[in-house]
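The values are calculated or read from the model by the stated rules, or taken from the named source; none is laboratory data. None of the values given here were measured: they were computed from a predicted structure. Using ideal geometry, Cβ is built from the backbone for each residue, glycine included, and neighbour counts are taken over all protein chains shown. We work out accessible area using only protein heavy atoms, side chains counted, and drop any ligands, DNA or RNA first. Shrake-Rupley method; radii C 1.70, N 1.55, O 1.52, S 1.80 Å.
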Protein chains: 4
Amino acid sequence: MIKAAVLGATGYTGIELMRLLSGHPGVELSLAGSESYGGKKVSEIHPQFSGRVDLTLEKVSAEEVPRSIDVVFCALPHGKSAEAGAILLKNGFRVIDLSADYRLKQPRLYNDWYDLDHPCPELLGKAVYGLPELNSRAIMGAELIANPGCYPTGIILGLAPLLKHQMIDLKSIIIDAKSGVSGAGRAPRQPFHFPECTENFKAYRVATHQHTPEIEQELGSIAGESLQVTFTPHLVPMVRGILCTMYLKPAGTESEDELYGLYSEFYENSPFVRVLEPPAQPETRFVRGSNYCDLALKTDPRTGCLIVVSAIDNLVKGASGQAVQNMNIMFGYPEDTGLGQVAI
Amino acid sequence: MIKAAVLGATGYTGIELMRLLSGHPGVELSLAGSESYGGKKVSEIHPQFSGRVDLTLEKVSAEEVPRSIDVVFCALPHGKSAEAGAILLKNGFRVIDLSADYRLKQPRLYNDWYDLDHPCPELLGKAVYGLPELNSRAIMGAELIANPGCYPTGIILGLAPLLKHQMIDLKSIIIDAKSGVSGAGRAPRQPFHFPECTENFKAYRVATHQHTPEIEQELGSIAGESLQVTFTPHLVPMVRGILCTMYLKPAGTESEDELYGLYSEFYENSPFVRVLEPPAQPETRFVRGSNYCDLALKTDPRTGCLIVVSAIDNLVKGASGQAVQNMNIMFGYPEDTGLGQVAI
Amino acid sequence: MIKAAVLGATGYTGIELMRLLSGHPGVELSLAGSESYGGKKVSEIHPQFSGRVDLTLEKVSAEEVPRSIDVVFCALPHGKSAEAGAILLKNGFRVIDLSADYRLKQPRLYNDWYDLDHPCPELLGKAVYGLPELNSRAIMGAELIANPGCYPTGIILGLAPLLKHQMIDLKSIIIDAKSGVSGAGRAPRQPFHFPECTENFKAYRVATHQHTPEIEQELGSIAGESLQVTFTPHLVPMVRGILCTMYLKPAGTESEDELYGLYSEFYENSPFVRVLEPPAQPETRFVRGSNYCDLALKTDPRTGCLIVVSAIDNLVKGASGQAVQNMNIMFGYPEDTGLGQVAI
Amino acid sequence: MIKAAVLGATGYTGIELMRLLSGHPGVELSLAGSESYGGKKVSEIHPQFSGRVDLTLEKVSAEEVPRSIDVVFCALPHGKSAEAGAILLKNGFRVIDLSADYRLKQPRLYNDWYDLDHPCPELLGKAVYGLPELNSRAIMGAELIANPGCYPTGIILGLAPLLKHQMIDLKSIIIDAKSGVSGAGRAPRQPFHFPECTENFKAYRVATHQHTPEIEQELGSIAGESLQVTFTPHLVPMVRGILCTMYLKPAGTESEDELYGLYSEFYENSPFVRVLEPPAQPETRFVRGSNYCDLALKTDPRTGCLIVVSAIDNLVKGASGQAVQNMNIMFGYPEDTGLGQVAI
């Protein structure tokens, strides 16, 4: 039984971590940190935990995390998370960081896209990009996990087999992504006020979203050469779920069936990736609340375009579920321990 | 004051026609035809019309439409609408057909994509494609209007200026479209059952949607050469609205501002097209219930991709509002008569 | 053609006033005041008005409203609205106040329920409660209209015939009300953040809602004696609409049909009240975007309880539509001018 | 490890049973019966089960259920369920019936409210009403469980302490209930078609809902005398959740705090009932996907009315979760085994 701490426990990824950890047979959630609600019971702020999680939220700094803790989940805002992580590492904790702070290898890109100077660029080399389907070996021994962004998770899982096998024109990648509103976080703001958000659909940060360099870094790493993508996120009037529709120019002439075979083989040891047999298509409801990523492939014989669609729950496989999956790997648990939920 | 009939008055486009015509100062809605509800009052089936529309629904065949009617809106199912239209034309009526039956010039394409033999292919040449922003002269004198499909409306308005000016690579057109659920019609079916449709997002008919040939026919006609597009529709958990995100490879090097100028000029006499000044982006809520099409342009300097986004209300500009706009032009009313609604 | 000003134009009731006034044939919207967005175009803040309302928002105090204006709609926050109204009245304007400030006749009640000292209690006697179905004569000559609250509108219209005819036990009134989220206003707050508001239902301010004394004052005035009600509001995950379910103990033994007859007669000259023939029941969608109030009656033969249900759009009949209806009466227009919308 | 069968596995309660049983450590789901989809894999019809439930649906009659099964959940339509249950009982199975068929003790009431003759009235006396908080002793030894209806569950749990202690006027009970759409089942019908159901609120079956006699039977049994209630259900545009607002006339003068104490004591050994400390109020989101029932009490000092509010997930505590809870008790598992989910 390992002991876990969650810093930033009252945002959406923090809540989701507590939900998942409270049902995990190998973890005791020992500390729930909160800047805003220190001293209140978890169930007072989030009544769904009443009867399940009996912790009191603590306003605790990174320095104050007790040594009895085995793993710390940092679900803090960008910028703050990096600082906390550095201190925790120094104090010998294993850290899973859910912010964007340790994802980009080049501090310049962090500065360009997040408009912040990175507080501890020297640690970027130490961080392991926590996408278990591709990096499980490195995750096993990692001290610091950079837990992937929600969009990058759906996109990288969707494209990795093609890139690994050099099967597409790298100049052709177009990604049209759609996310539920929980991706915007828990702080109330005008665009996410119910009457302005429901019954509405829009694109946002067109060609300027901060996940772009993360996507390019990881796809480029798989492909073995640098690349750039066109990436357009959209906001869907639902709480959870990301669907990514990706348009590619195939380098070869593989059929849908051959591609399906290739993907199935690529992910045969990945319990959370389900490659759908054509012509089935993913729907976000089938992964809602679960750690699955569902994938489908379709070639358009008329135009030659290859269309890959992926679906995840942005708060689970796109954040907290993946963080728990990383923890499982780091501590020697079966990868899917505590992650057996069926979509609700 | 002209007299109008609506055949198929109780489907969503029929209801929307009655809503718009009931507020139109130059039209008297004289006949509301319904196969299923003949003999019942409109307000009995659709209580929102109580106090506003005092008609009784009539089970009336095309042959029985009285000669006092000036214009007939056919909002019948595909296949049936063509037959009704042929009879109405023979009897001297001016017809606005909201089905897909008269949109495709080549009967073979109709057969391929709708899986029906066209009952009166000889009339296809007579039908005018009712997109007023491009065809208003032909609409003026038309006997038979093929009212455009919802997706094609948003797409063609979004791309027409580029195609007219030969500004894009015709092999590069990728269209990622998202529609509200009313686009699927009024008949209850499993995928549109509330618990399976809300809090869900998916692609459907990937690379096989029946609007594809209509889009290609009209875009090709504008471009002056035939072309093919990659078209992926998606279902959004909202009632009304279509947003189309279109990805293109520019032939030249125009800036966003130059493109904005070009679009503004192209649509300067089109009261229902609003070209948004960059970096504003359309949202479906801003056109909901109105006849507007909002457009935005964005170039991605990193990849060279040009991204055009359009938003319409699928039931208004994408169907019944456009039909009324066509009627206005046919009968010499100002184009926007009865269509002054502000989005709600 | 009269000239109208809206103070507080960018909240939900202000937006709705602009939407309705922009389509009103007898009104020119001449001034749109905004504390927060002075200097910006209306269509910049609310893009749906682009092409329809070409005003620039002005940061204008009550003193600065130009004398050319005929009627001022005050859609300001509670407390501020009273002060503005007092100044406007002194300057000779006719004022329609959409806040709660002039609704309660007793300043003590205002203090008790709104936790504010009334800034100008001497004007309370001058204010006319603007429910046209009951007070049209007084509205005609009014200088100051207290536009009713959203809940009180649905409740009073639902109960007035029974109270007028002394047909119920006044000690028995239980009101279970349900409102869409737009009733909470436009400022983003945690409970109305999309992910916490959609797929949720709750009661709020149980037995303590500030509309309670307004309901009691007006019902008591109709009944001819003071009374108290049990009133529980609930929040529905939709934007617009209020449905009130009211439970009463009949004093007599009238049948449903007799009550239906009584209600129909009571409202026979009220174009916006539709009494549904049993067993039809109101639905909020049938009044959405319109100025109607739909009413139904049901007696439970097993328990003797009488159940009255009313439905309105909280932003139209419950606020801005009713304000326009009041304006029509004040300025001699037919009551329903500019209010002919069919629910969308 | 016991073996369970679910008959009617593809409706909403069947799906929910499979979801819960697939995570239950003491049960093997051995048989999933389906009239419509026999021969297909569960995950083919409901893709969320892919990777979790590897059963093939079987078109199996009650006679054909294999003897190796320990418990059969009947999630069949009303009428059919009774017949299947009778056969299963004869064959020696323990049966948990999720339909309404075995809930009413008097066959005449079943006939009156369900418009069906009961096929095996002789078994009604044998059936145990499966509300564990009140009947756990009888459930332990039961052969046949009548699993309670969704509305009755929320209502009975909300009122039981008051009735047990004779604290309210039995003539005064008014129940205003609101349910999510999943309560209407999985078959698509017009009122539950997404565009007609979202952004809408209505009452339905006012004073005529078929759960009325079940509520009265069980409340009367607790109170020790027969009683009648006024019951109005409403439809909320959300998938899951029931909130019941109950209005009562207290017989005594207990304060809110005293009532809170009484309720807390009443439910101190009921792990799934959470009595909220005043002034907290239940919200359906806090029980969504979980087996909890949240309760709150409020007295209106002005009118003397007592208001009790309860919230459950209609598919969990209101159906399948409660069925699993009953199974746990029947087979000697701790009551909450496999039901530890935190609301999502």
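Things worth noting here:
- Residues (within 14 Å of A:Pro161 (Cα to Cα) and either part of a helix (DSSP H, G or I) or without any contact (Cβ under 8 Å) to a residue 60 or more places away in the chain (or both)) located in the range A:245-256: A:Glu256
- Scan of the range D:261-280 for residues that are of a type outside the set (Val, Ile, Thr), surrounded by 22 or more Cβ atoms within 10 Å (Cβ to Cβ) and without any contact (Cβ under 8 Å) to a residue 60 or more places away in the chain, ordered by number: D:Arg274
- Selection within the range D:175-192: residues that are polar (S, T, N, Q) and facing another protein chain (nearest Cβ under 7 Å). The member of this set that is nearest to B:Thr198 (Cα to Cα) is D:Ser182.
- Yes/no for B:Ser255 being more than 9 Å from chain A (Cβ to nearest Cβ), surrounded by fewer than 19 Cβ atoms within 10 Å (Cβ to Cβ) and within 23 Å of A:Leu306 (Cβ to Cβ): no
- Answer from D:Ser81, D:Ser30, D:Ser61 - the residue that is of a type in the set (S, T, N, Q) and closer than 16 Å to D:Asn147 by Cβ: D:Ser81
- When the test is whether a residue is farther than 21 Å from B:Ile175 by Cα and within 11 Å of chain B (Cβ to nearest Cβ), A:Phe286 passes it.
- Hits in the range A:204-237 - residues which are of a type in the set (Asp, Glu), open to solvent by 10 Å² or more (accessible area, probe 1.4 Å) and either in contact (Cβ under 8 Å) with a residue 60 or more places away in the chain or closer than 13 Å to A:Gly149 by Cβ (or both): A:Glu216, A:Glu218
- Cβ-Cβ distances below 9 Å connect the following pairs, each with a first residue in the range D:63-80 that is in the same structural domain as D:Tyr12 (by TED's automatic domain parsing) and under 14 Å from D:Arg103 (Cα atoms), a second residue that is open to solvent by 60 Å² or more (accessible area, probe 1.4 Å) and aliphatic (A, V, I, L, M), and a separation of six or more residues or different chains: D:His78/D:Leu116; D:Gly79/D:Leu116.
- If you filter the range D:238-249 down to residues that are open to solvent by less than 10 Å² (accessible area, probe 1.4 Å) and facing another protein chain (nearest Cβ under 7 Å), you find that the one that is farthest from D:Ile175 (Cα to Cα) is D:Met238.
- Given (1) part of a loop (DSSP other than H, G, I, E, B); (2) of a type outside the set (S, T, N, Q); (3) within 22 Å of A:Pro237 (Cα to Cα); (4) out of contact with any Asp or Glu (no Cβ under 6 Å at 6 or more places or on another chain), index of the condition D:Pro195 fails: (1)
- On the stretch given as the range A:13-28, residues that are open to solvent by 10 Å² or more (accessible area, probe 1.4 Å) and more than 21 Å from the chain's Cα centre (by Cα) total 2.
- Test: residue in the range D:286-305 that is part of a strand (DSSP E or B) and among the small types (Gly, Ala, Ser): yes
- Filter result (surrounded by 20 or more Cβ atoms within 10 Å (Cβ to Cβ), within 10 Å of another protein chain (Cβ to nearest Cβ) and not hydroxyl-bearing (Ser, Thr, Tyr)) within the range D:145-174: D:Ile173, D:Ile174
- Residues within the range D:42-91 that are within 14 Å of chain A (Cβ to nearest Cβ) and in a loop (DSSP other than H, G, I, E, B), tallied: 7
- Each residue in the range C:320-341 was checked for being out of contact with any His (no Cβ under 9 Å at 6 or more places or on another chain) and open to solvent by less than 10 Å² (accessible area, probe 1.4 Å), and 6 pass.
- Odd one out for D:Thr56, checked against (1) in contact (Cβ under 8 Å) with a residue 60 or more places away in the chain; (2) among the β-branched types (Val, Ile, Thr); (3) surrounded by fewer than 17 Cβ atoms within 10 Å (Cβ to Cβ): (1)
- Residue within the range D:219-227 that is part of a loop (DSSP other than H, G, I, E, B), facing chain C (nearest Cβ under 7 Å) and modelled with pLDDT of 95 or more present: no
- Options D:Thr245, D:Thr303, D:Thr337: the member that is farther than 30 Å from C:Val236 by Cβ, of a type in the set (Val, Ile, Thr) and modelled with pLDDT of 95 or more: D:Thr337
- With respect to the conditions (1) open to solvent by 20 Å² or more (accessible area, probe 1.4 Å); (2) under 26 Å from C:Ile175 (Cα atoms); (3) of a type outside the set (Lys, Arg), D:Ser310 lacks only one, and its number is (1).
- C:His78 meets the conditions (1) modelled with pLDDT of 95 or more; (2) open to solvent by 10 Å² or more (accessible area, probe 1.4 Å) in every case but one. The failed one is (1).
- From the list B:Lys178, B:Lys171, the one residue that fits, being part of a helix (DSSP H, G or I) and either at pLDDT below 95 or of a type in the set (Lys, Arg) (or both), is B:Lys171.
- Screening B:Thr10 on (1) surrounded by fewer than 19 Cβ atoms within 10 Å (Cβ to Cβ); (2) among the β-branched types (Val, Ile, Thr); (3) in contact with an Asp or Glu (Cβ under 9 Å, 6 or more places away or on another chain) shows it passes everything except condition (1).
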